[in-house]
Structures are given as C-alpha cells and as structure tokens.
1. Accessible area per residue for the chain in Å², computed with a 1.4 Å probe and the full protein assembly in place, what is it?
2. Which angle between 0 and 90 degrees, to the nearest 10, do you get for helix 396-409 versus the longest principal axis of the chain when only C-alpha atoms count?
3. Within the set of other residues whose C-beta is less than 14 Å from the C-beta of Gly314, count the net charge using Lys and Arg as +1 and Asp and Glu as -1.
4. Per DSSP H run of n ≥ 4, the term is -39500 (n - 2.57); total these for the chain, divide by its residue number, and report the mean residue ellipticity at 222 nm rounded to 500 deg cm²/dmol.
5. On a 0 to 90° scale, report how tilted helix 338-355 is relative to the longest principal axis of the chain, with both axes built from alpha carbons and the result rounded to the nearest 10.
6. Under a 5 Å amide H to amide H cut-off, with H placed in plane at 1.01 Å, what residues pair with Ser177 once short-range neighbours are removed?
7. What FRET efficiency, computed as 1/(1 + (r/R0)^6) with R0 = 51 Å and r the Cβ-Cβ distance, is obtained for Gln305 and Arg242, rounded to the nearest 0.05?
8. Using Cα-Cα distances under 8 Å and only pairs 6 or more residues apart, what relative contact order does the chain have, in percent?
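The values are calculated or read from the model by the stated rules, or taken from the named source; none is laboratory data. Keep in mind the model is a prediction, meaning the values are calculated, not measured. Please note: Cβ atoms are built from the backbone with ideal geometry, for glycine as well, and neighbour counts cover all protein chains shown. Accessible surface is based on the protein model in full, side chains and every heavy atom, while ligands, DNA and RNA are left aside. Shrake-Rupley method; radii C 1.70, N 1.55, O 1.52, S 1.80 Å.
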Amino acid sequence: MDSSELQQLVVDILEKETAIPDTRKLVIPGTKRQAASAEDQNAVISALASLASREIVTYDQKDAFTYLLTAEGAQIARDGSHEALVWAAVPPKDSGETMTIKQLQESLGQAAKIGQGKAFKNGWVGKDRDKLFKLVAKIVDTTREELNEVEKTGTLKGGEKAVAELRKRKLLDQKKSLWCTVKKGPAFTTDLRKPETDLTAEMLATGSWKDSTFKKYNFDADGTPTNGGALHPLMKVREEVRGIFFEMGFAEMPTDAFVESCFWNFDALYVPQQHPARETQDTFYVSSPLRGLSPPKDYLDSVAQYHSRGSSDGSSRGYQAPFSKEESHRLLLRTHTTSCSARMLYALAQKGKKDGFKPAKLFSIDRVFRNEAVDATHLAEFHQVEGVVADRGLTLGDLIGFMQTFFAKMGLPNLRFKPAYNPYTEPSLEIFCWHPGLGKWVEIGNSGMFRPEMLEPMGFPPDVRVHGWGLGLERPTMIRYGITNIRSLVGHKVSIDGVEKSPAVRF
Ligand SMILES: N[C@@H](Cc1ccccc1)C(=O)O
C-alpha cells in the first residue's frame, strides 16, 4: 500500500470532515476494499505517524481484536459442524431406511461422537431405541455460518458471547490489532509536497518561497561544526603562561631576532668559545651572510677580557684561553632565548649607569633552534619560556621561592631542584616536576643565578644579582594534553581538525 497515497487520502477526508472515527473503514486507494486487516492498519499507522511528525494530523491509537479460524474451525467452515454432519447422515423419520448409532459412528467417525449430543439437543435428530432419524427437514448450521463470517471479516456481528463460545470450542484464535481515530493537526494542510529544508536564493528571486512549506527546525540536532579559526594548542598554552607572567608583574622582551650573532647567543653569556655546545652538531650556523653586526665596542672588549683573563680585580681568572672577536660576529639560529635576555640585561645595565639602576622582571616565550636528531619527542626547533629577574641582593632562595609560585600557577605545584652546570649561571639548578600520570619526576627546566663574569661586563653595580630560568613549552603541553608524538603538536603533520577540537582550545 502506497504511503503517500494513504496520506493524501487521510488529509482529503479530513478537509471535508472533522475527524476519521475509525481507520478500519478507510477504503484503500485504488481498490474497493476497506483497510480492515492488521496489515492494512500497520500501513495506515505508519502513514499517520509521518503526517503527525509534521503536525498535519493528530491520531489516537486503539486496540482491537480480530479472530482467525483454527484448523478445526476451518474444516467446519468448509464441511459443516459435527452436529450438522450427524443430521445430514441420518435418514428422515418414516422413510423406511434405518441407521443405528454404530452405523453412524462407522460412517462419520469422530464427528459422530462430538456431534450427536448437540444434534439431539438442537432437536434435529431423534432416536427410537438404537435407530436414529431426522426430526426436522431443514436446519440452520449457525456454527458454520459464524465461522464463515469470521473467516471473511475477522470478527462476529453476534458479539462477544458468540465469540467466547467458539473460542471455548477451540475453533477460533484471537489476534490483537490496532486502529485509530484521526483529527486535523495544528499544521493541517492537504498539500503534502515534501517540505523544503533550506530557503534558497532562487526561492527568494522567483518568489516560490511563498507557496513552499518548510521543514520545522530541529533544535536538538547537532550543529554543523563552524569553520572559524582556532588557536593552536601550543599558542593557547603560550597565552596562559604569558598571563601568569603578566599577573606576576613581568614585562615581555622582544624576541624577533631568530638569527643571532655568536656574541649575544654565547659570548655575552660567558659561554667559552671552545664549548662543545657551539659546535655545528648542536648549532645551526648561517652561511650567508657570514658576519653579523658588531656589538658595542667597549662591551665586546670587556667580554673578551672576562673570557680570556678574568676580572681586573682578580676575583675571576676567566678561561685562560684565546678569545676571537671574529668568532663573535658569526651568525647562527639562536639556540636559546637567553640571547634575548642578554640583550635586555645589557640595555638595563647601561640605562642604570645613566639613570640609576632599576629592578626588572622580564620574560619571553618564543622559538629556538638546535641541531638535534628528530624523533617522537624532539624537533630541531621548539619554544622556550624564559624569565629573568634583576634586583639588588637577590639570593638563591628568591629564585627557588619564585619558581615555586610560578610553576604552581602553571598547575605544577610539586617541584624538586637538582644541582647542574651552566656556563652562565652559578649555582645552577635543574627543575623537576612530579608527573602524576607517569608516576615519576620529569625534568622541565633549567635555572640559576647569573655569574658575575656575565653581569659585570654589562655594567651592573656589584650588588645587583640576576636570576633566571628557562623551560620548553612543548613538553608541559604534551604532558597536559596526553600528546605522545611531538609531530602531532608541531609541524606539517598537525591535524587542523585536532587543533579545532583539542580540549586546549577551550580555556
Ligand atoms: N638557557 C637555558 C635556560 C636558562 C635560562 C636562564 C637561566 C638559566 C638557564 C636553557 O636553554 O636551558
């Protein structure tokens, strides 16, 4: 049965009448048959459900019982009831023929036994000693007629009592079915064209929207994902860390010089020119141009002196090794943002010489480059977070206390420090934090009190101390967001979809 034809039939009737009181009375389109069977009603109900979902109709579902003949019932419907068979088999009274009960049983078998009593009770058959005969010339076999009616219509006009009697005799089986009453819905229409889902430019231009019906909004549907921009998780974490620095009164250093001279990256930081970190297996050097701009001459001279011979008061002996000013001019990709800190500290010291020293808290977060073997946790470039604090009389206790506050704000309250070595800091401390996921201490950064051999050539007064620390941005981000391969966080393999859906982008 075609659902759209049924739907049309229902709305056409409802347009003329207030309701459809019984859907079993619907005449199936294209036939003269009523939709009386359970199968018909299933088709009707699915058509109604589809109309109701568009609020074109409302309907009430009701239970109905229909009946089927059992095998015995079907046999009786065909051949007649047992009592009718008994009546038919025996001869009329006074016909001269005779039939004994025994003979009846021989000719009818089982039916004789069951039918006899009823035939007597109905007054159809009489008995003279053991001879049987008809008492009436004509009978009405009600059982057969009722069964025929059930077979045709699924039910009995005679009502419940007659049905109960036939069921007791196991001639009928009951079958539950449904039927409905139908009324107009709030959005009643006889126009069942599929509703439009979108209002198009074309509909507006041609005016066809006026005659269109539109699908209702489904406010429970998932929205289509918006394709607006999303900040990369690493940039989100960077913003968070910047926020912590600003909250603690730090100013941001300029970090735009990816290409730096050896002077600012190493010499100014008292990294000996013979230091292994300077070798090409660790550092990317720039081949063209070969030389960078010169640092201020006095400062370069002073740095050269501190490297090779130490301070003039003899408190430091320097490296007792030759210092090449040519080497200072070589260009490289900065290996740490401490080169930026060196430039800023030099500027701070020089300004202090003129205007009197002022304390400073400075930070930066930017890219650095190292000639590393690339693997799941290492890239040749990464982001460094760096902070430096310059003030009179700072101690190692200030540094440790400061880091405890800073890292707690980053969500890493559990810290340990381990003595380490940096050419530019003394003492130096490696920073470890407890990783609850891995259940172990992991190294996250490096810190220390900058050496006098670095601060004095810059021009700081002797009681000014500077402490600093640096850490990578990628590792804490990976730990925090459960990223195991750095290539899915940085580089061309980063999935844009992942960036948009990453939990990191939600804070
Ligand atoms: N430059 C150091 C970090 C650091 C900065 C400042 C002081 C001490 C250490 C590094 O790359 O790991």
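1. With the other protein chains kept in place, the chain gives 56 Å² per residue.
2. 20
3. Computed value for this residue: -1.
4. Value at 222 nm, helices only: -10500 deg cm²/dmol.
5. Compared with the principal axis, the helix lies near 50 degrees.
6. Counting only residues 5 or more places away or on other chains, the set is Ala64, Phe65, Thr66.
7. 0.85
8. Computed over the chain, the figure is 13 percent.
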